[in-house]
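S.K.: Okay, handing you the structure first.
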Amino acid sequence: MRYRLQQDAKKTLPSDLPVLLERRTALRRRIQKFRDLQAVYMPATLPLLSQVPQARTDVEHIESVRLGLPSDVATAHRAVVCSDDVIKLELRLREAQCRDSLQDVRNKLHTLDHLYKYKRANVRNQGPNTRAQAELAQQRVRRDRAAARYRRARQARLNLEGPGAWELEFQILHDEDVRGVGDDEPQSVLQGHRQSASSGVGEGRKKMSWIWNASDKSGDQAHVESLRIEWLKARARALRWQEETELLPEEMRRVLAAMESEESHWETCAAQVRTDVSEEVQEGLTAYALDQARIFRAMRDTFVSVCYKQVVAAGGGKDEEWRSGSTLITLPPAILPHDVQQPVDESDLHIP
């Protein structure tokens, strides 16, 4: 939360300052609660933090405050101010954070790989390309954020435990290590072409990044698992769209019925003759009611002429039904498709 706020504060617009202030206030409350816990479990840390200006919580940029975790304390003072249980607890936290961050990096790389392939195969013209580039940029930000989180967790564990055998699994993550299995990113492809041109044709120099082998599972299993995660997310989005396509025709039919009802109402008003008004006023009332009926009739005709073809083509109703606009079809009891209400079988995922 602190590091996310640090990044967002660098690019905050003047109109976003109130939101930034609220986020800083919420973070300040959480840090103050953490200080209360530190007074119980790490009481000797507070005198050290009081001597560090970066640990003060009464500052504007609260996202830059040092928390004073065991990994932040110098090795010479850690054994004095921190108990062994607290140090072991943070070690477990950092190990789990390293694993989760690496998995998040792999997932984002898989997503980028599929987005690059989809864009190259299907996206044309300026508008779709702009939207595709915006989605790619968002995924790159998420990938870089996960990589930065791994680097922070690894550095904290290094401060606590020092060098050891654990570094074989959690190695230093360089920028060139953050690449996919196929690595279809345009910049990487261009760089590979330049290397091939200078050193000759061949695949003998191609090397997979260590992040794909830094798991308890085999590379193929980890690849399939991340694909399943992204597939299930895409499936949920597709089902929501399917739900919307079932609701939208009914909403359109109800709009037609409402317009017909309004037209009929104003025609009835125009046919009424009031005896408590003069003839001139009665003519005005009738003219106004007829004009309102004409407006709703024109709105309905425009709506039908614009929308009924698309709805019929999409299977949302019959042609005569939309031309008359008088029939309302009742939705079935269950709007969601049947497969949403049943557990997902992994055999239906179609992932090799």
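S.K.: Please work out which residue is farthest from the chain's Cα centre (by Cα), limiting yourself to segment 266-312 and to residues that are surrounded by 15 or more Cβ atoms within 10 Å (Cβ to Cβ), of a type in the set (Phe, Trp, Tyr) and modelled with pLDDT of 90 or more.
M.R.: Once the filter is applied, the top-ranked residue is 266.
S.K.: Run down 173, 168, 136 and say which single residue is modelled with pLDDT of 90 or more, closer than 30 Å to residue 73 by Cα and in the same structural domain as residue 91 (by TED's automatic domain parsing).
M.R.: 173
S.K.: Listed residues 202, 180; which is more than 30 Å from residue 304 (Cβ to Cβ), at pLDDT below 85 and either surrounded by 12 or more Cβ atoms within 10 Å (Cβ to Cβ) or in contact with a His (Cβ under 7 Å, 6 or more places away or on another chain) (or both)?
M.R.: Going through 202, 180 in turn, just one is more than 30 Å from residue 304 (Cβ to Cβ), at pLDDT below 85 and either surrounded by 12 or more Cβ atoms within 10 Å (Cβ to Cβ) or in contact with a His (Cβ under 7 Å, 6 or more places away or on another chain) (or both): 180.
S.K.: Can you tell which of 96, 9, 44 is of a type outside the set (Asp, Glu) and without any contact (Cβ under 8 Å) to a residue 24 or more places away in the chain?
M.R.: Testing whether each residue is of a type outside the set (Asp, Glu) and without any contact (Cβ under 8 Å) to a residue 24 or more places away in the chain leaves just 96.
S.K.: What helices (runs of 4 or more DSSP H) lie completely within segment 19-130 and have 3 or more residues being closer than 27 Å to residue 173 by Cβ and either outside the structural domain of residue 153 (by TED's automatic domain parsing) or not basic (Lys, Arg) (or both)?
M.R.: Where helices (runs of 4 or more DSSP H) fall fully within segment 19-130 and carry at least 3 residues being closer than 27 Å to residue 173 by Cβ and either outside the structural domain of residue 153 (by TED's automatic domain parsing) or not basic (Lys, Arg) (or both), they are 84-122.
S.K.: Further, regarding this structure: Which members of segment 55-89 meet the condition of being surrounded by fewer than 12 Cβ atoms within 10 Å (Cβ to Cβ) and under 17 Å from residue 2 (Cα atoms)?
M.R.: Scanning segment 55-89 gives 58, 60, 61.
The values are calculated or read from the model by the stated rules, or taken from the named source; none is laboratory data. Note that the structure is predicted; figures quoted are calculated from it, not measured. Cβ: placed from backbone, ideal geometry, glycine included. Neighbour counts: every protein chain shown.
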